[in-house]
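In what follows, a structure is listed as structure tokens, so that the remarks can point back to it.
The values are calculated or read from the model by the stated rules, or taken from the named source; none is laboratory data. The model shown is predicted, which means the values in this text are computed figures rather than measured ones. Note: ideal-geometry Cβ built from the backbone for every residue, glycine included; neighbour counts use all protein chains shown.
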Amino acid sequence: MQNTLQALMDQVRNAHATATPLRIRGGHSKCFWVAADAPQELDLRPYSGIVDYEPSELVITVRAGTPLSEVEALLRQQGQMLAFEPPHFGPTATLGGAMATGLSGPRRPHVGSARDFVLGVRMIDGLGRDLSFGGRVIKNVAGFDVSRLMVGALGSLGVITEVSLKVLPVPAFEITLEWQLQEAAALTRVNEWGSLPLPVSATSLQNGRLRARLSGAEVAVRAAMRQMGGEPVADGELWWQSLREQRAAFFETERPLWRLAVKSTAAPLGLSGALLTEWGGAQRWIASDHAPAQLHKAARDAGGHALLFRGGNPARPQLGALDPVLAQIHRRLKHAFDPKGILNPGLPGNF
């Protein structure tokens with residue numbers, strides 16, 4: 001694998017020397033969301049494999065080109081999981097792609113995001129240098145912030161080649177409950193749950209149907225069921241999988257699909273179109289023909305931001321304007337890691 005890593009470094013160095021933009025790719029499972037505008041491809045798939053796995057330490061180190069399904073299958077053998085539930089969006093998804101996009105699934109508000117589980121990252125910067133930040137043990141926090149900075153940067157700051165992650169045990173018992181509630185009442189209910197010691201691990205709301213997943217020791221889950229009420233859902237596990245992978249009927253739309261990240265306590269946004277809410281009210285999906293400016297304003301008014309997730313030009317994601325101070329920080333970071341701007345040009349973070 002050292003030869004493969006060297007070949008990747010050489011390609012980046014040559015691209016830097018000639019100022020040739022590179023399009024970083026893994027399994028192409030999320031190319032509908034973002035697509036860099038570059039003539040040359042840097043393929044991470046050959047750089048794959050498990051570097052180290054210590055089940056007793058709850059830590060795994062994986063090369064970026066490793067299929068995400070392979071990582072999860074290995075963890076399941078030991079009764080463990082990637083707790084942030086990264087979406088695959090297809091059988092070819094890689095661990096590196098999951099880290100570069102930084103996407104998390106239904107469990108995210110209850111256990112943390114992809115970024116929260118990163119212990120260390122190895123990467124190639126825009127000059128072709130092999131850099132490492134953080135470590136492979138939970139207690140090692142050296143370079144911690146830089147490691148997390150790479151998560152969700154879409155490859156614009158560097159080519160992730162290796163990641164060390166904290167993993168968690170699979171819950172001993174899970175069940176999904178359902179209530180019939182209108183949006184305002186449902187949002188109030190899920191925020192009330194957030195202030196109580198309940199084993200809630202996911203929530204969703206669509207068309208007046210509120211669902212909550214409970215996870216943990218069976219005795220604790222059953223005690224929470226008696227306290228919360230609701231009706232058990234027979235296909236609960238399939239439902240959360242369909243949300244994670246966006247296979248639910250809601251996502252089968254020809255309209256632009258927007259992701260609004262807002263305060264969980266924000267009132268209903270009053271927008272027309274199909275709506276699905278997750279993360280205790282903090283993530284709201286809307287399939288709508290509203291003008292981008294209207295959606296950005298609605299998200300800002302609710303204490304958050306909006307992003308066109310699917311349905312536009314993936315090489316030019318529809319983003320709201322950055323605060324001038326944040327924009328300056330972005331420019332400085334980009335210049336420090338990729339001074340010639342050759343890595344995934346055209347994506348957020350590239351100026």
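Per-structure values
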| item | result |
| --- | --- |
| Residue that is farthest from the chain's Cα centre (by Cα) [pool: residues in region 100-123 that are in a helix (DSSP H, G or I) and among the hydrophobic types (A, V, I, L, M, F, W, C)] | Val111 |
| Pairs with Cβ under 6 Å, 6+ apart, first in region 328-346 and acidic (Asp, Glu), second modelled with pLDDT of 85 or more | Asp338/Gly126 |
| Residue that is modelled with the lowest pLDDT [pool: residues in region 38-52 that are more than 22 Å from the chain's Cα centre (by Cα) and over 15 Å from Val159 (Cβ atoms)] | Pro39 |
| Residues located in region 173-188, provided they are closer than 16 Å to Ser215 by Cβ, buried (at least 16 other Cβ atoms within 10 Å of the Cβ) and of a type in the set (A, V, I, L, M, F, W, C) | Ile175, Leu177 |
| Complete set of residues in region 1-29 that are within 21 Å of the chain's Cα centre (by Cα) and under 17 Å from Leu343 (Cα atoms) | Arg23, Ile24, Arg25, Gly26, His28 |
| Hey, Arg23 exposed (fewer than 15 other Cβ atoms within 10 Å of the Cβ) and touching a residue at least 12 places away in the same chain (Cβ under 8 Å) or not | no |
| Strands (runs of 3 or more DSSP E) within region 128-235 that include 1 or more residues farther than 30 Å from Met1 by Cα and aliphatic (A, V, I, L, M) | 173-180, 200-206, 209-216 |
| Output for region 193-208, where each listed residue is surrounded by 12 or more Cβ atoms within 10 Å (Cβ to Cβ) and within 23 Å of Pro171 (Cβ to Cβ) | Trp193, Gly194, Leu198, Pro199, Val200, Ser201, Ala202, Thr203, Ser204, Leu205 |
| Residues of region 46-71 that turn out to be within 20 Å of Arg247 (Cα to Cα) and surrounded by fewer than 18 Cβ atoms within 10 Å (Cβ to Cβ), as a count | 1 |
| Selection status of Gly97, in the same structural domain as Ala17 (by TED's automatic domain parsing), in a helix (DSSP H, G or I) and buried (at least 18 other Cβ atoms within 10 Å of the Cβ) | yes |
| Flag if Val219 is without any contact (Cβ under 8 Å) to a residue 40 or more places away in the chain, assigned by TED's automatic domain parsing to the domain that holds Gly120, of a type in the set (Val, Ile, Thr) and surrounded by fewer than 20 Cβ atoms within 10 Å (Cβ to Cβ) | no |
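Quick grid of which residues meet (1) touching a residue at least 60 places away in the same chain (Cβ under 8 Å); (2) among the aromatic types (Phe, Trp, Tyr); (3) assigned to a helix (DSSP H, G or I); (4) under 29 Å from Leu238 (Cβ atoms):
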position	(1), (2), (3), (4)
Asn3	no, no, yes, no
Arg13	yes, no, yes, no
His16	yes, no, yes, no
Asp37	yes, no, no, no
Arg45	no, no, no, no
Ser56	no, no, yes, no
Val62	yes, no, no, yes
Glu72	no, no, yes, yes
Gly90	yes, no, no, yes
